[in-house]
Structure formats: structure tokens, C-alpha cells
1. Could I have the simple spin-label model distance between LYS104 and ASP145, label points 7 Å from Cα toward Cβ, reported in nm to one decimal?
2. Taking amide H positions as placed in the peptide plane 1.01 Å from N, state which residues far from PHE73 in sequence (5 or more) or on other chains have amide H under 5 Å from it.
3. Using the number of other C-beta atoms within 10 angstrom as an exposure proxy, rank LEU39, LEU186 with the fewest first.
4. Of the cross-linked pairs LYS36/LYS90; LYS90/LYS180; LYS10/LYS90, which ones have a Cα-Cα span greater than 27 Å in the structure shown?
5. With a 10 Å Cβ neighbour count serving as the proxy for reagent exposure, in which order, fewest first, do LYS47, LYS10 appear?
6. Based on the inverse mean of 1/r over its pairs of different Cα atoms, what is the Kirkwood hydrodynamic radius of the chain, in Å?
7. Any idea what the dipole of the chain comes to, in debye rounded to 20, about its Cα centre with Lys/Arg Cβ at +1 and Asp/Glu Cβ at -1?
8. Could you please state, rounded to a whole Å, how far the C-alpha centre of segment 27-41 is from the C-alpha centre of segment 145-178?
Amino acid sequence: MKVVSTEFIKSALEPSQYPDGAFPEIAFAGRSNVGKSSLINAITQRKNLARTSSTPGCTQFINFFRVNKQISFVDLPGYGFAKVPVAIRKNWKPMVETYLKERKVLRLVILILDIRRDPSDEEFAFLHWLRIYNISVLVVLTKIDKLSRSQTAVRRRRIKEVLDLPTDTVLFSARTGEGKAVVWRLIREVLDREPSLPPISKV
Ligand code: GTP
Ligand code: MG
């Protein structure tokens, strides 16, 4: 999809601070430092829309963005990084769960995993939880630029099997841009299921 405009809307900790739910929303989730903010920047072709950092735990609030004045993107804080102060870590789970449970315009969660790591209890719990709340999920395996083609294929099969996923994962690299068009196509597919949406341009 051609991105013609992007705006940072606001950061929020709790529902009273969320912006109006006027647009269908796509949320990006995953462990700290996995590359959530980088993926948002890559698919919107912006260097710094979502802040990225080599310091894990950089995104500590729920950040709302608007794309093409039609879709809302949400950068969720990452979970599971031990070096983040306990007080902040303790808040993450209820903050993210409340968002996922209460946000009526949420259409899809993009769960991002590092292709080199096996999913951990956090990812299992997160997926289980999304299933309970009947929230659509797309699993994206990022940082594929770090592996060879054959290693990538092996890891992809393994992660799909371990997570017992019904659909294929998407291979992605914020560094090379690989996978951007696929992510957009799948976002579009989800949005197209909403009859009241205005048309958006194709990938
Ligand atoms: P938190 O906000 O702390 O939860 O992190 P995040 O998930 O938003 O990760 P972020 O996008 O800030 O990226 C973390 C680090 O991984 C940065 O140093 C990025 O440059 C790097 N990174 C992200 N995506 C890729 C990728 O596809 N390939 C490579 N090689 N590095 C990546
Ligand atoms: Mg981030």
C-alpha cells in the first residue's frame, strides 16, 4: 500500500487516554527489542515514526499512529525484558491486556518474533490469550537478514510447528525491507472484511 501520510497521535497508559476509536486499528506486539518499532517504520517508509532503540524497553507506553488518515497503528510496549525496572514491567501486562480486551476498533494483532529465537512462555501465553478473546493474529518473523536462506526455512518451519499455527508466518526484515508487501497485503485483507471502510489503494 502506498503510504501518503503518517501522524503520531498520542501515547496512553489506560483507556481514558486512548484516542477516539474512529479508525480500524492494527496493533504490533512482541517481546522487547524484537523490532516492533522498526517494523512500523519500515512498512510506513518513515525513519522515525515509531521510536527505535538498541536499549530494550524503549517503548513503554501504548503509542497510537494514523496512516493515510484511514488506519490506526498501535505500537505496544514489549514484554519480557528483565533489565527494565520492575515497576514498569509490572504495569506492562495489565496495560497491554486492557488495551487488547477493550479496544473495540482493534482488527488485527501482528505478533513479531525474532526468527532466531524459539518462542517462550510469554508468546504461548499471549497467543492463548488472543484466542480466548477471539482476536485475529498474524505472526511475523523478523531479522531474517541475520540468517541464510536455508536457516530461515528451517527456523520458519520450527516456529510454526512449536506454536501450532494454522497459517504460515510472514518472513520480514526491517533492514532489507523484505516482507513489507506481504504484511500490507494481509493487513488489507483484514481491513477489507469491514464493509463500512472507505477504499484504500492497493499494494
Ligand atoms: P522495544 O520498544 O524496546 O520493545 O523494542 P522494539 O521491539 O520496538 O524494537 P526496535 O524496533 O526498537 O529494534 C530493536 C533493535 O533491533 C534495534 O537495534 C534495531 O535496529 C534492530 N532491528 C529491528 N529490526 C531488525 C531487522 O529486521 N534486522 C536487523 N538486523 N535488526 C533489526
Ligand atoms: Mg519499540
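Readers should treat all values here as calculations from the given coordinates under stated rules, not as data from a laboratory. None of the values given here were measured: they were computed from a predicted structure. All Cβ positions, glycine included, derive from the backbone under ideal geometry; neighbour counts span all protein chains shown.
1. 4.1 nm
2. ILE26, PHE65, ARG66, VAL67
3. Fewest to most other Cβ atoms nearby, the residues stand as LEU186, LEU39.
4. LYS90/LYS180
5. Ascending Cβ contact count within 10 Å gives the list LYS47, LYS10.
6. Computed over the chain, the radius equals 17.2 Å.
7. 600 debye
8. Their Cα centres are 16 Å away from one another.
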